[in-house]
Amino acid sequence: AVPLVVAKSTSLSAQHGLLIKNRTAFENSRKISTIVFDKTGTLTVGKFEVARVVVIDHQSNDKKQNENELLRTVAALEQNSEHPIATGILAEIKKRSLSIPEVKDFKAITGQGIEALVEGKQLKVVSPGYLKEHEFSEPEDFVANGNETVVFVIINEILYGYIALSDTIRPESADAIQTLHNNGIKSLLLTGDNQMVAESVSNQLKMDGFFAEVLPHQKLDKIKELQQKGEFVAMTGDGVNDAPALAQADIGIAVGSGSDIAAETAGIVLVNSNPKDIVSLILFGKATYRKMI
Ligand code: ADP
Ligand code: MG
C-alpha cells in the first residue's frame with residue numbers, strides 16, 4: 001500500500017505543478033542552498049520571435065528578398081532541430097509564406113548550433129561563441145544587446161548574415177527568485193546563450209550570478225564546482241544535453257516541456273515549466289517533513 005503521507009503529498013504536488021518521481025529528492029528539497037536555473041522556457045517564456053534579419057553578403061539590392069533568401073536557407077536546417085530558436089524561425093517562415101529548400105547531412109554542433117548541406121552549399125547556423133572560437137570577426141555594425149539572442153549564418157565558411165530573436169522573461173520569475181532569496185536560497189543562471197543575454201536576465205531577476213556560453217559537457221563541471229564549495233544544489237534543465245548535470249545535482253528538476261531523457265534523469269518534474277512551482281516544492285517539502293517528525 002502507498003503510505004498515507006506519500007499519497008497525500010503526491011496529490012498535493014500535482015496541484016502545485018510538480019511531478020515527484022523520487023521521494024528522496026522531495027525529502028531533500030528542504031536542504032537546497034543553491035538553485036541553478038536554465039534560461040529558455042524556465043525563466044523565460046521560451047517563445048523566440050524573429051526581431052531582425054541582417055544580410056551582410058548581399059545577393060541583390062532588394063532588401064526584403066535578401067532577408068527572405070537567408071531565412072528560407074536557415075529554415076531548411078532548423079526544420080531538423082527542436083530548439084526553441086528553430087521554432088521561432090519556422091514561425092517567421094510561415095508568416096512570410098516562404099518555401100523551404102531540401103537539406104542533406106544535417107548535424108548538430110553541440111551547444112553551439114547546427115550545420116548541413118543546402119542547395120550544394122555548406123551552411124552553419126551558430127552562436128556568437130562559435131564565431132569567436134573560429135576567428136570570424138563580428139559584422140562591423142553589429143551591436144549586441146541583452147534582449148536578443150543572435151544566431152550567425154555561415155555559408156561556405158563566409159559570414160553571410162545573422163538573425164536576432166527575442167524571448168520574454170516570465171512574469172512569475174522575479175517573484176520566484178525573490179522568494180527563494182528570502183528563504184536563504186541562492187539562484188544562478190546556467191545557459192548556452194550569449195554573455196549579454198545571460199547578464200541581462202540575471203540582472204533583471206536580481207539573481208546571484210550567471211554562467212553564459214556554457215557547452216553541454218561543461219554544465220556537469222559547474223554543478224560539481226558548486227558542490228565542492230559545500231552547496232546543496234538543485235538544477236533545472238530541459239535538454240538531452242542537461243541530463244548528466246541533472247544527474248550530478250543533488251536534486252535534478254526537469255522542465256515539463258523538455259526532452260524525455262531529462263525527465264527520466266530528474267527526481268522532480270516541473271509540469272508547467274514554471275519557476276514559482278520550485279518555491280512551492282521547497283515550502284511544501286519543509287511543511288511535509290516538519291509534520292512528520
Ligand atoms: P540553452 O539551452 O541554454 O538555451 P543551448 O545549449 O540549447 O542553450 O544553445 C546554446 C546556443 O547554441 C544558442 O543560444 C544558439 O546560439 C546555438 N544553437 C543551439 N541550437 C541551435 C539551433 N537549432 N539553431 C541555431 N542556433 C542554435
Ligand atoms: Mg537547452
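With both bridge residues required to lie in the chain, what share of the DSSP beta bridges run antiparallel, to the nearest 5%? Given both bridge residues lie in the chain, the antiparallel proportion sits at roughly 65 percent. Going by Cα centres, the range 142-159 and the range 49-64 are how many Å apart? About 12 Å separates the Cα centre of the range 142-159 from the one of the range 49-64. Taking Cα atoms only, the orientation of helix 4-15 departs from the longest principal axis of the chain by about 30 degrees. Pairs over the 27 Å Cα-Cα cut-off, from the set Lys95/Lys206; Lys39/Lys64; Lys94/Lys132; Lys229/Lys286; Lys63/Lys121; Lys94/Lys276: Lys95/Lys206; Lys39/Lys64; Lys94/Lys132; Lys94/Lys276. For Ile109, the residues whose modelled amide H falls within less than 5 Å of its own, excluding neighbours fewer than 5 places apart on the same chain, are Ile114, Glu115. Pairwise Cα distances in the range 49-166 exceed 21 Å in 30 percent of cases.
What ranking of Met235, Met196 emerges when the number of other C-beta atoms within 10 Å of each C-beta is taken as an exposure proxy, fewest first?
Lowest to highest Cβ neighbour count: Met196, Met235.
Listed from fewest to most Cβ neighbours within 10 Å, the set Asp167, Asp221, Asp242 follows the order Asp221, Asp167, Asp242. Taking Cα centre as origin and charging only the Cβ of basic (Lys, Arg, +1) and acidic (Asp, Glu, -1) residues, the dipole magnitude of the range 49-166 rounds to 360 debye.
Across every pair of non-identical alpha carbons in the chain, the mean reciprocal distance, once inverted, gives a Kirkwood radius of 20.2 Å. Could you give the angle, 0 to 90 degrees to the nearest 10, between helix 63-78's Cα long axis and the longest principal axis of the Cα atoms of the chain? Around 50 degrees separate the two axes. Taking 0.36 nm per residue of separation and subtracting the Cα-Cα distance, full extension of the segment from Phe142 to Lys31 would add 35.5 nm.
Relative to the longest principal axis of the Cα atoms of the chain, the long axis of helix 84-95 lies at roughly 50 degrees.
The numbers here are math on the coordinates, done by the rules we state, and not lab data. Everything quoted here is computed from the prediction, not taken from an experiment. Positions of Cβ are backbone-derived with ideal geometry, glycine not excepted, and every protein chain shown enters the neighbour counts.
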